[in-house]
Structures are given as C-alpha cells and as structure tokens.
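The values are calculated or read from the model by the stated rules, or taken from the named source; none is laboratory data. Keep in mind that what you see is a predicted model, and the values were worked out from it rather than measured. Methodologically, a virtual Cβ is constructed for each residue, glycine included, from the backbone with ideal geometry; neighbour enumeration extends over all protein chains shown. Side chains are part of the model used for accessible areas, which takes the heavy atoms of the whole protein and leaves out ligands, DNA and RNA. Shrake-Rupley method; radii C 1.70, N 1.55, O 1.52, S 1.80 Å.
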Amino acid sequence: MNIIEFKKINKYFGAGSNRVHVLKNIDLQIERGDFVAIIGQSGSGKSTMMNIIGCLDVPTNGSYKINGVEVGKMGKDELAELRCKTFGFIFQRYNLLNSLKADENAALPAVYLGLNAEARDKRAVDLLKKLELGNKLNNRPNELSGGQQQRVSIARALMNGGDIILADEPTGALDSKSGEMVMEIIKNLHRQGHTIILVTHDASIAAQASRIIEIKDGEIVSDTRKAEDFYPATDTVADIHRSRFDALKYSFLESLKMSLHAILANKMRSLLTMLGIIIGIASVVSVVALGNASQAKILEQINSMGTNTIDIMPGKSFGDMRSGRVKTLKVRDSEYLAKQGFIDNSTPNVSVSGTMVYQNYSLTAQMRGVGAAYFDVKGREIAQGRVFSEKEVRDMASVVVIDDNTKNEIFADNPNPLGEVIIFNKKPLTVIGVAAKDNSPGPSSESMNIWVPYTTAMYRITGSSDINSITVKVADNVNSQVAEESIDRILTALHGKKDFFMINTDSIKQTVESATNTMKFLIASIAVISLVVGGIGVMNIMLVSVTERTREIGIRMAIGAKQADILQQFLIEAILICLVGGFMGVALSMLIGFGFNTFTEDFGMIFSTASIVLALVCSTAIGIIFGYMPAKNASNLNPIDALASE
C-alpha cells in the first residue's frame with residue numbers, strides 16, 4: 001500500500017529571469033514500511049523533495065497524497081497536524097533547542113500532540129534509555145557530543161510514533177563511528193515498521209537502504225529496489241482526544257510554561273524589555289499617589305474651615321467695598337435658620353480686633369463672638385478645657401476660649417492656662433478652653449484668636465447688636481446646593497431684598513476636587529506616554545527576539561506546532577513581560593513612596609488601589625497590543641525558511 005504518492009510534482013524558486021526549476025515532473029510512490037534512500041549531488045533537488053514530502057515546503061504544482069489524501073488542499077494548521085502525527089525528522093545539524101535539556105527536547109513533539117506531561121516525560125525517558133542516553137537526560141545540547149545530539153534528535157522523531165522518518169544527511173556531521181551507530185539505529189527503526197526516507201550524497205550510506213532513488217538536475221534518473229523487506233509497525237502512539245475546553249486549557253498552560261522558560265532562559269534581555277514598562281508603571285502610580293496626597297492635604301485644609309458649612313456675609317459679593325459697613329444681618333436671622341429642618345446648627349459671628357493684656361504681655365488679637373455650636377459647625381477641636389455652653393451665651397458670661405498661638409505666646413510658662421484671666425479691650429475674660437492647632441493655610445493661622453459668646457461680644461465689649469456674619473451647618477443628608485438656595489429664599493423674604501452673599505465650603509471642596517482630579521488626570525496622562533514608549537520597546541525587542549529565534553520557530557513548526565501555538569507562545573511571553581514589569585513598577589513606586597513618606601512629616605504619598613489595578617491592566621493591555629505584531633509575524637513564518645535561518 002502506497003503511503004506517499006507524487007504525480008507531476010514541480011518546484012520553482014525565484015521569479016522572472018532568476019526563476020529556477022528545481023524539481024521537474026516528479027512521479028514517485030513509496031510504500032508503507034519501505035526504506036528508501038534518495039541520493040544525488042548538492043543542488044540536485046533531493047533536499048527540496050524531502051522538504052515537500054515532510055510538508056515543510058509545498059510544490060509549485062502537481063499532486064501529492066499521503067495515505068490517499070491530497071496534501072495540496074490542506075491549510076497550514078492541517079499540515080502542522082500532519083507533521084505532528086505522521087513524520088519524525090532527523091536533521092543533519094540535529095536542530096535541538098539549546099535552552100532545553102535532552103529529555104525536554106525529545107518530549108517536545110508530544111506537547112503539540114496533546115500528551116499530558118507525565119506520559120510524555122515517561123515516553124521521552126524510555127526512548128532515550130533505549131538509545132543509550134539514560135545518563136544524559138538532564139544535559140543540554142552543548143553538553144552532548146554530535147552522536148549523542150543526533151540520538152536525542154532520533155528520540156524526538158519517534159516521540160509521536162514517527163510513522164514516516166525523514167532523515168536528511170543524518171551522518172553528515174558525525175565521525176565514522178557515530179555515523180555507523182546512527183545508521184544502525186535507523187535500520188532498527190525500519191525493522192520496527194517505520195517508513196524510512198533517507199537523503200544522502202554518500203553511496204555507501206544509501207547502499208544500506210532497501211530502495212535507492214537517484215535524482216539529478218531535478219529529475220529521477222534511477223529507481224532501484226534491492227530488497228522486499230517490509231515490517232509491521234510495533235511502536236504506535238494513539239491519537240489524543242480532548243473536549244474543546246480541555247484542548248484550549250492544555251494549549252494555554254503549555255504555552256505559558258514554554259513562555260516562562262523562554263523568559264528565564266534570557267533573563268537580561270527580558271529585564272531590559274521590562275525596563276520601559278517598569279518606569280512607566282512606577283511613574284503613573286507615583287504621580288497618582290502624589291496627586292492623591294495633594295488633594296487630601298488641600299481638602300484637609302478646606303475641612304478645617306468647616307465641613308458642609310455655609311457662611312452668610314453682608315453685602316453683594318466678594319470685593320464689595322461696602323460690605324464692612326453693611327449691617328443687615330441680625331441674631332434673629334441665625335435663630336430663624338437654626339429652626340429649619342435642613343440646618344443642623346446656626347451661629348451668629350461678631351468679629352472685633354483689639355488689645356489683649358495678660359500680666360506684662362500686651363498684644364493685638366482678634367476676638368470672635370460666636371454661638372455655643374460654633375466649634376461643632378466649624379469642626380474645630382478643643383485641646384484643653386471646654387467650650388462655652390448655651391446658658392453662658394444667654395447669660396453673656398465673661399468666658400473665653402483661646403487658640404494655640406495665644407497659649408504659646410502668653411502662657412508659654414504655664415502648661416495649664418485654664419482659669420487664668422486675660423483682659424481684652426479692658427474687659428476681663430476667664431479662660432475655659434484652648435482650641436487645637438489650626439492647620440488651615442493663610443495669615444489667620446499665625447494670628448492670635450480668641451472666642452467668646454456672641455452675646456458677650458455684642459453687649460459687654462462692642463455695645464452693638466449688629467453681627468458680622470452667620471455660619472450654618474447643613475444636615476448630612478441634605479445637598480449643600482439645595483440648602484444654599486433655600487437659605488437664599490428665606491433671608492431674601494425676611495429682609496425684603498437680597499443684601500447678603502454666601503460662601504459654600506462644600507462648593508469650594510467640590511471645585512478643588514474637580515481641579516485636582518483634572519490635574520491628576522493631566523499628569524497621569526503625561527506619565528502614560530512613558531508606558532506607550534515602554535510598549536514600543538517591548539514590540540521592538542520582541543521583533544528582534546522573533547528574528548533571533550527564527551530557527552527555533554522553524555523547529556517547533558517542523559515537529560507539529562500550529563500557527564496558533566506559535567502566536568500564543570510569543571503573545572503570552574509579551575504579556576508576561578509586561579505584567580511582571582507592571583508588578584515591578586508598582587513595587588518600585590511603593591519603594592519611592594516609602595522613602596518619600598519617611599522623610600516628610602506633613603505630606604505623604606497616598607497610593608490608590610484603583611490606580612494600581614488600572615496600571616496592571618494597562619501593562620497587560622500593552623503586552624497584548626504591542627506583542628501581537630511580533631507574535632503574528634512569528635506564526636506566519638514558513639517552516640522551511642525558518643529552519644534555514646542561522
């Protein structure tokens with residue numbers, strides 16, 4: 001029964017005036033179990049014929065059938081599957097992968113066949129032991145002699161069964177003793193039922209075959225059969241049948257293993273490839289962390305003005321020259337607003353500058369007359385003592401809360417100023433509390449500030465019933481914009497006209513948040529450019545890697561790797577490089593943040609989980625986007641051209 005049939009096979013190389021007719025109307029039939037030697041001088045076309053037989057190359061025209069199936073109608077993946085299940089290649093230059101050990105090289109075809117790791121490792125070890133390489137399982141090709149490498153190549157050819165063994169000058173690179181050993185192995189394979197097709201220019205090697213075909217100038221000039229020795233097959237490998245999901249899972253896991261192996265085998269190149277991604281990710285995460293820190297610092301300072309508060313001022317707006325002389329706000333306005341359901345607290349404010357005296361100290365201070373709820377409204381904390389009560393407000397009590405600056409200035413030698421009496425504008429006031437340090441920006445944070453009940457300020461110190469402003473705290477479940485509109489309507493109705501304006505701290509907060517978010521986005525966008533540059537670097541180095549590993553790709557394709565296998569392996573490599581680079585970039589940014597936060601007290605980088613996750617997603621996307629082109633180029637290589645690459 002014919003396993004191989006050629007009818008009118010022609011092969012041309014080149015085009016136009018450079019076109020060369022390499023094979024000319026070849027007719028050939030090879031029976032299953034035959035041992036055929038194809039002999040001829042260099043350039044005669046014998047290697048081209050073997051490449052076409054092994055589906056590494058395709059004829060220009062003519063018919064080629066294997067087991068009665070027309071090869072010319074098969075796609076690239078079908079040809080790859082045919083090579084995987086039917087052929088075993090023994091190359092003159094061995095074509096072993098230097099990064100793999102002997103047993104890994106021998107087992108490689110079974111990866112593309114779909115054999116599980118345990119079964120293929122066992123078969124690889126068994127084959128190598130039969131070839132007297134049991135003590136060389138963990139040796140890499142550069143640790144083996146030529147004869148030993150060729151025997152590893154033979155084990156690889158037999159891994160998937162090797163129904164047809166194609167041996168291209170198998171002894172050409174060996175000394176005579178190793179050559180004889182290899183030929184003895186090949187003859188034993190013939191006796192085990194393998195169909196052997198051997199290409200050589202050595203007549204003594206060809207003489208050991210059962211049938212000798214001589215080719216000259218692209219034509220068969222003789223076909224001589226010496227023996228009718230056909231043997232039944234004794235070593236076959238069953239097809240692997242998997243569900244689609246299991247096949248995809250197996251393919252992915254094997255590609256992942258091979259990708260990790262390739263990355264670890266070229267550590268320095270992989271690290272250099274990652275460098276752009278590491279810098280890009282570290283830049284993005286660090287910039288966002290700095291932006292978060294800046295935003296938090298600014299919002300902290302805004303919150304020190306009072307959380308969700310609205311200040312009501314007399315006049316038309318900021319810059320109104322008359323606002324200081326306008327006396328339209330009254331205590332009753334504050335009391336009326338305090339009764340509204342959307343208001344938590346309301347406090348009138350009276351502001352007076354004057355001279356503060358304590359013992360031999362005399363200095364200028366700002367006195368603020370406020371309600372009992374003022375410190376809650378403004379979010380100010382008390383470091384010592386207490387704030388005045390509603391009763392003390394009603395009774396116009398001569399009590400005072402001083403700020404941290406005042407305490408440090410006039411009570412520097414007295415850690416507990418509570419109960420001490422200070423004089424403000426000739427009026428005695430008893431200290432009942434000390435406010436915590438005010439971290440808000442601006443000159444006010446350095447000035448001397450004291451707080452008294454607004455009734456005390458109005459009736460005991462200024463002698464006026466006018467107030468300077470009203471501060472209200474909006475209920476937590478109420479939108480501050482809605483509250484502002486409601487206050488506007490109420491006061492306008494009470495006054496008969498709008499003679500006031502409002503400062504909404506929540507609006508300021510939202511504006512600042514919006515501005516800082518915009519700045520973070522802008523700066524992060526600039527940092528993303530470094531990510532794109534890193535991605536281009538990945539693409540370039542992966543393209544170089546494809547060029548450097550062209551021969552490896554050819555070997556993988558020759559032993560059965562499909563286009564999808566090659567594409568998947570190189571794409572996973574690119575993704576892994578970018579993903580590992582992403583994690584290293586995040587680690588670098590964390591290290592930067594640790595150093596930054598160690599040497600700064602009031603300002604520390606705040607890392608965002610969202611930005612870290614987004615950065616890692618971006619690094620993976622870069623691996624996919626910029627790794628696809630090199631991976632696609634690798635998968636589109638022609639096996640015979642790739643094998644010929646050095």
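A compact table of results
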| item | result |
| --- | --- |
| Those residues of segment 175-191 which are more than 18 Å from LEU133 (Cβ to Cβ) and open to solvent by less than 80 Å² (accessible area, probe 1.4 Å), in sequence order | LYS187, HIS190 |
| Which listed residue is touching a residue at least 40 places away in the same chain (Cβ under 8 Å), in contact with a strand residue (DSSP E or B) (Cβ under 8 Å, 6 or more places away or on another chain), under 19 Å from ASN2 (Cα atoms) and of a type in the set (Lys, Arg), from LYS24, LYS46, LYS65 | LYS65 |
| Residue match in segment 345-359 (condition: in a loop (DSSP other than H, G, I, E, B), open to solvent by less than 50 Å² (accessible area, probe 1.4 Å) and at pLDDT 85 or above) | no |
| Qualifying residue in segment 91-102 (condition: aliphatic (A, V, I, L, M), touching a strand residue (DSSP E or B) at 6+ places or on another chain (Cβ under 8 Å) and at pLDDT 90 or above) | no |
| ALA564 vs. criteria in contact with a Lys or Arg (Cβ under 9 Å, 6 or more places away or on another chain) and within 26 Å of ASN160 (Cα to Cα) | no |
| All helices (runs of 4 or more DSSP H) inside segment 367-436 with 2 or more residues being open to solvent by 60 Å² or more (accessible area, probe 1.4 Å) | 390-394, 404-410 |
| Strands (runs of 3 or more DSSP E) fully within segment 1-77 counting 3 or more residues that are surrounded by 19 or more Cβ atoms within 10 Å (Cβ to Cβ) | 2-13, 20-31, 35-39 |
| The one condition in (1) out of contact with any His (no Cβ under 9 Å at 6 or more places or on another chain); (2) modelled with pLDDT of 90 or more; (3) open to solvent by less than 30 Å² (accessible area, probe 1.4 Å); (4) farther than 22 Å from SER255 by Cα that ILE164 fails to fulfil | (1) |
| Residue that is at pLDDT 85 or above and among the small types (Gly, Ala, Ser), where the choices are ALA435, ALA475 | ALA435 |
| Filter result for MET268 (closer than 30 Å to ALA475 by Cα, modelled with pLDDT under 85 and open to solvent by 60 Å² or more (accessible area, probe 1.4 Å)) | no |
| Residue list for segment 278-316, filter: at pLDDT 70 or above and touching a strand residue (DSSP E or B) at 6+ places or on another chain (Cβ under 9 Å) | ASN308, THR309, ILE310, ASP311, ILE312, MET313, PRO314, GLY315, LYS316 |
| Residue that is of a type outside the set (D, E, K, R) and open to solvent by less than 40 Å² (accessible area, probe 1.4 Å), where the choices are VAL199, VAL221 | VAL199 |
